[in-house]
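The values are calculated or read from the model by the stated rules, or taken from the named source; none is laboratory data. What you see is a predicted model; the values in this text were computed from it and never measured. Cβ atoms come from the backbone with ideal geometry, glycine included; neighbour counts cover every protein chain shown. The protein model used for the area step is the full one, side chains on, heavy atoms only, and it has no ligands, DNA or RNA in it. Shrake-Rupley method; radii C 1.70, N 1.55, O 1.52, S 1.80 Å.
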Amino acid sequence: MCGIVGYVGNEEAVPVLIEGLRKLEYRGYDSAGVAVLGKPGLVVRKAKGALKNLEEKIKVETGGSTLTAGSLANSVLSGTMGIGHTRWATHGEPSDTNAHPQVDVSGKIAVVHNGIIENYARLRDWLIERGVQFTSETDTEIIANLISYHYKGDLLQAVLDAVGRLDGSWALVVISVDDPDRIIAVRKENPLVLGQGAGETLVGSDVPALLEYTREVYYLEDREIAVLYRDHVDFYNDEGKSIQKKTTHIEWDAAAAEKGGYEHFMLKEIHEQPKALTDTLRPRIITADAGGVNDTAGNKGAVTNNAKKISLEEIGFDASWAQANRVMITACGTAWHAGVIGKYAFEHFARIPVDVDTASEFRYRDPIFNPKDIFIIISQSGETADTLAAMRMAKKGGARIIAITNVVGSTLAREADLVMYTWAGPEIAVASTKAFTTQLMCINLIALQFGVLRGTIDPVHLNKYINALEAIPAQAEKILSGKENIQRFASLQFNKNKVFFMGRLFDYAASLESALKLKEICYTHSEAFAAGELKHGPIALVDTSTLVVAICTQTKLFDKMESSITQVKARGASIAVITWEDDAESGRFDRIADEKFRIPRTEDALSPILSVIPAQLFAYYCSVLRGLDPDKPRNLAKSVTVE
Ligand code: M6R
């Protein structure tokens, strides 16, 4: 998410920055901006919306019909060094003010940033105490002012000092009026690449921004720092010691580079899940000694468990929410599947009645509202017409609304009482993957926090679940590292026209999402069944042409699953099982399954976050093998903003 470009050379910087940003548009964004070091000093221009809005703004100002060196030469935007950014909103909604670059109070230091600063609230208060007045809602403006605070004549040292105080993740590119010949770039958990052209040096958040200038790029590693000059780049480690780096030759063409070398956005987004899950979880978990959050009756949304706490303070969640008599969850498609899992999670962790509905049904029913109902509305885009209609209906009925969404400033985010962002980054493929698993992360956090506040989860169990949640990103990575196994299986099964997923409890909910993936991108007739329902009808459909994928992670129901699998196998179906690795109990499925996919052990209630990943990969590979475009399935739009 977000695109970064930095340029120091001999050309006018603005056209280079705008073209670089254009090459990064695929990453998704909601506003754009540039900062140039020119004759009058630091000049910043920003615009909400498409990059062309920024371009038009600059064209009008410089009097040119195109953005050329000629039209810029006599304007305040003339300069051969600058930084640019396309922003995907995190802190603060999309607006000109919140767009990057962000500038410190002196107006001398400009910063573009990709990532999330977790301790921004504390740093912001600290800076306010020292007289800093903020103009935006961004965490990035804090970074600009921290650098400014630490600046004692050496920009590199100031960046090092400021970065040393940040928690979270970042890719930062910094320029300063007082250091007019170099750009500083530093990263943690967000990519930055650098390239050297003839008399010019560039930095970008991805290779496409540099390809016009060079195919030899340096990949910055975590905590490394790059200092860009016109004719060379210096690299340092996080202690400020000089290091040498080798270039990598880029073979990809521009289109492949946009996808980070992956063949499709969907595959890229499937692989982004470990990082997205980390981004969703980490800001919401604090250790007891981290300070800053009260542990009283949950008044600030945080509860001590001797070791770790869930903190939903950031979203304004307090104990009053957990006094609800009933939770209602409403959403569409994949987000509704997250809601079904949410229902099971709430019942399990918080012992509270939960109704879950597709928004398209809910809005035309005659639902009964009670004053102490709370609604959880889930939507990746935050713009789905049915979902918004359901939310407005619930609001009218007097319910309080928590939104789980991926898009800051979306209609859902603006109209809900509380918003929990999934922080998954832009999802471009129509079939949802990382948005789904991060929605599950969010709903589990809320359900657990409800449980804590209602006294149904004790500190020992909370700790156990938090540890399990923290292990999930690495476990997801492990599943992805075995993707060839799923690819091989897809090569045997991709022509199947009848694929059923079945499971019980959380596995049934994971089956719903797994079947949808196959429908969407393979046009396969795939269905999900609660395994216990088979004998009430669906088993009549099973024959030798059927593939049945049984998701088996609910340990207490293994006997039942074994029996259901045996029944479909007896009717000639091919059987694949997704179950735990290193688990003596799940060994029983070896005997009856034609194919097994083992996933790392987590708590039974958290299993869908992992068990859906093999199904996502299976659908992806089947789609490719069928010669389809998994990113753009027929008849489907990414966001359904009309009924
Ligand atoms: O943006 P939303 O989460 O509200 O979208 C809801 C559904 O349209 C969406 O999940 C759809 O089902 C996806 N294409 C699933 O992959």
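When you count the other C-beta atoms within 10 angstrom of each residue and take the mean per peptide, 11-20, 488-497 line up highest first as 11-20, 488-497. Here the peptides 396-408, 503-515 are ranked by packing, the mean other Cβ count within 10 Å, and the order with the highest first is 503-515, 396-408.
Applying Stokes-Einstein at 20 °C and 1.002 mPa s to the Kirkwood radius of region 482-625, computed over alpha-carbon pairs, gives a translational diffusion coefficient of 146 µm² s⁻¹.
Expressed to the nearest 5 percent, the antiparallel share of DSSP beta bridges inside the chain is 60 percent. Between A474 and D458, the modelled label-to-label distance comes to 2.8 nm, taking each label 7 Å out from Cα in the direction of the beta carbon. Convex hull volume per residue, computed on the Cα atoms of region 1-82, equals 78 Å³.
Rg ratio for region 541-643: its Cα radius of gyration over 2.2 N^0.38 Å, N being its residue count, equals 1.27. Whole-Hz Karplus values for region 617-627 come out as 5, 4, 4, 4, 5, 4, 4, 5, 5, 7, x Hz, taken residue by residue from phi with 6.51 cos²θ - 1.76 cosθ + 1.60 and θ = phi - 60°; glycine and proline positions read x.
Backbone phi angles across region 19-24, fed through the Karplus curve with coefficients 6.51, -1.76 and 1.60 (θ = phi - 60°), yield HN-Hα couplings of 5, x, 5, 4, 5, 9 Hz in residue order; Gly and Pro are listed as x. When you count the other C-beta atoms within 10 angstrom of each residue and take the mean per peptide, 554-562, 373-381 line up highest first as 373-381, 554-562. What the pair-distance distribution of region 3-257 shows, using all Cα-Cα distances binned every 10 Å from zero, is 8, 34, 39, 17, 2, 0 percent. 3J(HN,Hα) couplings calculated from phi for region 547-556 with the Karplus curve 6.51 cos²θ - 1.76 cosθ + 1.60 (θ = phi - 60°) are, in sequence order, 9, 10, 9, 9, 9, 10, 10, 8, 3, 5 Hz; Gly and Pro show x. Can you give me the Cα centroid spacing of region 365-413 and region 32-99 in angstrom? After rounding, the separation between the Cα centres reads 37 Å. The Rg/Rh ratio of region 328-394, with Rg taken over Cα atoms and Rh as the Kirkwood radius over Cα pairs, comes to 0.95. Take the residue pairs K434/K596; K46/K241; K23/K478; K23/K434; K309/K560 and return only those whose Cα atoms are more than 25 Å apart. Check vs 25 Å cut-off fails for K46/K241; K23/K478; K309/K560. Each of N10 and R130 was given a label point 7 Å from its Cα along the Cα-to-Cβ line. The distance between the two points is 4.0 nm.
Entry note: the chain has Rg to Rh equal to 0.99, where both radii use alpha-carbon atoms and Rh is the Kirkwood radius. Annotation: region 386-544 has a Kirkwood hydrodynamic radius of 18.9 angstrom, from the mean reciprocal C-alpha pair distance.
Legend: residue pairs K343/K638; K48/K638; K152/K188, Cα-Cα distance threshold 29 Å; every pair lies within threshold.
Of the solvent-accessible surface of the chain, computed with a 1.4 Å probe and all protein chains present, 49% belongs to carbon and sulfur. Over the chain, accessible surface divided per residue gives 37 Å², non-protein components excluded, 1.4 Å probe. Each principal axis of region 268-479 carries a Cα extent, and these read 47, 42, 28 Å when sorted largest first. Between E19 and N495, the modelled label-to-label distance comes to 4.9 nm, taking each label 7 Å out from Cα in the direction of the beta carbon.
When the inverse distances between all different Cα atoms of region 117-260 are averaged and flipped, the Kirkwood radius reads 16.1 angstrom.
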